[in-house]
Amino acid sequence: MKPIFVQLQCAPGKTYEVADALYATELISELYSTSGDYDLLLKIYVDSEEDIGKFINDHVASIPGIMRSLTTLTFRAF
């Protein structure tokens, strides 16, 4: 399993609905509200063999109320 971080920009007034929908998937390890250009930051563990782009597209970006996403891949924890 490898961790990936995803920042989400939500439509105005939709952040809590998006957060609830993300938790309902039971795929999210951690979820935070943030300030700045993005509204939510989430951490997901995906299988090493998983196509990350397809995973994000199918399970995260398809949630209504998400306007933009930024995915960060990680390599090593220090």
So, LEU8, is that one open to solvent by less than 40 Å² (accessible area, probe 1.4 Å) and assigned to a strand (DSSP E or B) or not?
yes
Which residues, taken from segment 21-38, are of a type outside the set (Ser, Thr, Tyr) and either without any contact (Cβ under 8 Å) to a residue 40 or more places away in the chain or surrounded by fewer than 12 Cβ atoms within 10 Å (Cβ to Cβ) (or both)?
ALA24, GLU26, LEU27, ILE28, GLU30, LEU31, GLY36, ASP37
Any idea which residue in segment 39-78 is most open to solvent (accessible area, probe 1.4 Å), counting only those that are among the aliphatic types (A, V, I, L, M), in a strand (DSSP E or B) and touching a Lys or Arg at 6+ places or on another chain (Cβ under 9 Å)?
MET67
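The values are calculated or read from the model by the stated rules, or taken from the named source; none is laboratory data. Quantities reported herein were computed from a predicted structural model and do not represent experimental measurements. Glycine gets a Cβ as well: all are built from the backbone with ideal geometry, and neighbour counts include every protein chain shown. The accessibility values were calculated without ligands, DNA or RNA, using every heavy atom of the protein model including side chains. Shrake-Rupley method; radii C 1.70, N 1.55, O 1.52, S 1.80 Å.
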